[in-house]
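A quick write-up on the structure given underneath.
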Amino acid sequence: MTDRNLPGRPQRVSMADVARRAGVSSQTVSRVSNGHPGVVDTTREQVLAAMRELGYRPNSAARALRSGRFRTIGVILFSLSTTGNVRTLDAIATSAAAEGYAITVIPVAAPTQDGVNGAFTRMGELAVDAVILLMEVHLLDAASISLPTDVPVVVADSDAGDRYAVVDTDQAAGTRAAVEHLLDRGHPTVVHLAGPSESFSAQRREDAWRRTLREAGREVPEVYRGDWSAASGYEAGRQIARTGATAVFAANDQMALGLLRALAEAGRKVPQDVSVVGFDDLPDAVAFLPPLTTVHQDFAEVGRLCVAGVLRQMADHSTPRGRTLVPTRLVERASTAAP
């Protein structure tokens, strides 16, 4: 007795059933199911209508055995708690779907070699064609960390030197634009509200802030540090409000939001008393009070390049290395002015 004949179990619709309903060959159904372009539009609509009527679902496992591809990209990431990671993951999923791929997400509890190895093992069990590694903590810049070589890999928002293909926002250029924007308005120096010390992005932005001030011959003030959250920006902002700072560059928009509240509570007006610039250009940044001047990150382009990178490796059987930087741009709103 086959599964189709078991009592109480719905019969599985086959490709042959769809072909009979649509009046076409099984090969044509297969071509439509796999998205091949060489099918006449009217025929494609007939086949799709038959699939809908019969409730046909392509057998992805059988298709994978035939093609050698699972049409799934694995994403290994350390944290979903930051807005940047969530937006990058969303961009990867959108870009993958546009190419006919799904994504499988494996979170890593601790960014260690064992954690990375365990994640790759699970990815192998889940049958993925390639992996995008999204860990913006200091990890891959350590010589002790290595990735498997038998699967296409692209690293996002991290530093892997010249060992792997890396896609990252141009952190340094974005920071330079923010700091120079404030200096050009006449502020003597710029205070920095930095992200967590273990973050690759935070370190890149802090280094660029420090370098830009030094090159301009300006004082490099004390660094205030948060954890990317608005709450940490508020706590640091209460300290900043007690100083004579006239300009602050916050390493992300969420911390800038907390900073704005702290400054308001201390009676320091933005931008009349203190100018504030953020980083990310969150969709809500325009609704801050005042609307936030910030550095725009193109998360969609980062996701597109990550997906394009692993697909290229799969097609070419290549292992490219080096870093691709996605440009940033400063978005001027109402939170900055002359001191």
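Using only DSSP helix segments of four residues or longer, with each worth -39500 (n - 2.57), what per-residue ellipticity at 222 nm results for the chain after dividing by its residue count and rounding to 500? Display every interim value, and only then the final one.
Details: 11 runs with 141 residues, N = 339.
So the calculated ellipticity at 222 nm is -13000 deg cm²/dmol.
Could you order peptides 14-27, 171-184 by the average number of other Cβ atoms within 10 Å of their residues, highest first?
On the way: 14-27: 16.2, 171-184: 20.8.
Put in order of decreasing packing, that is 171-184, 14-27.
Could you work out what % of the accessible surface of the chain is carbon and sulfur, using a 1.4 angstrom probe and leaving DNA, RNA and ligands out of the count?
Values: 8130 of 16150 Å².
Reported share for carbon and sulfur atoms: 50 percent.
How charged is the neighbourhood of residue 292? Take every other residue with its Cβ under 14 Å from the Cβ of residue 292, and add Lys/Arg as +1 and Asp/Glu as -1. Could the numbers behind the result be given before it?
Details: positive: 261, 333; negative: 253, 280, 281, 284, 332.
Within the 14 Å Cβ shell, the charges total -3.
Using a simple spin-label model with points 7 Å from Cα along the Cα→Cβ vector, what separation in nm is obtained for residue 338 and residue 149?
Placing both labels 7 Å along Cα→Cβ, they lie 6.1 nm apart.
State to the nearest 20 debye the size of the charge dipole of the chain about its Cα centre, where the only charges are +1 on K and R beta carbons and -1 on D and E beta carbons.
Details: 36 positive and 38 negative charges, 216 e Å.
That gives a dipole near 1040 debye.
Sorted by packing (mean other beta-carbon atoms within 10 Å per residue), highest first, where do 333-339, 226-232 land? The partial results should precede the final answer.
Details: 333-339: 17.9, 226-232: 20.0.
By packing density, highest mean first, the sequence is 226-232, 333-339.
Could you calculate the FRET efficiency of residue 197 with residue 266 from 1/(1 + (r/R0)^6), where r is the beta carbon distance between them and R0 is 25 Å, rounded to 0.05?
Here the calculated transfer efficiency is 0.45.
Considering only 193, 335, 32, whose Cα is most displaced toward the positive end of the charge dipole of the chain, charges sitting on Cβ of Lys, Arg (+1) and Asp, Glu (-1)?
Value: 32.
Charges at C-beta only: +1 for Lys and Arg, -1 for Asp and Glu. How large is the resulting dipole of the range 206-339 about its Cα centre, in Debye rounded to 20? Walk me through the numbers on the way to the answer.
Values: 16 positive and 17 negative charges, 45 e Å.
Here the range 206-339 has a charge dipole of around 220 debye.
Residue separation times 0.36 nm, minus the C-alpha to C-alpha distance between residue 16 and residue 43: what's the value?
Values: separation 27, 0.36 × 27 = 9.72 nm, distance 1.57 nm.
Contour length minus the Cα-Cα distance gives 8.2 nm.
Considering only protein heavy atoms, what per residue accessible area in square angstrom results for the chain with a 1.4 angstrom probe? Walk me through the intermediate numbers first.
On the way: 16150 Å² over 339 residues.
Ligands and nucleic acids excluded, the figure is 48 Å² per residue.
Sort 211-219, 259-267, 45-53, 272-280 for me by packing, meaning the mean count of neighbouring Cβ atoms within 10 Å per residue, highest on top. Provide the component values of the computation, followed by the final result.
On the way: 211-219: 13.6, 259-267: 18.1, 45-53: 16.6, 272-280: 24.2.
Descending mean neighbour count gives 272-280, 259-267, 45-53, 211-219.
The values are calculated or read from the model by the stated rules, or taken from the named source; none is laboratory data. Note that the coordinates shown come from a computational prediction; the quantities given were computed from them, not determined experimentally. Every residue, glycine among them, receives a Cβ derived from its backbone with ideal geometry; neighbour counts consider all protein chains shown. With ligands, DNA and RNA removed, areas are computed over all heavy atoms of the protein, side chains included. Shrake-Rupley method; radii C 1.70, N 1.55, O 1.52, S 1.80 Å.
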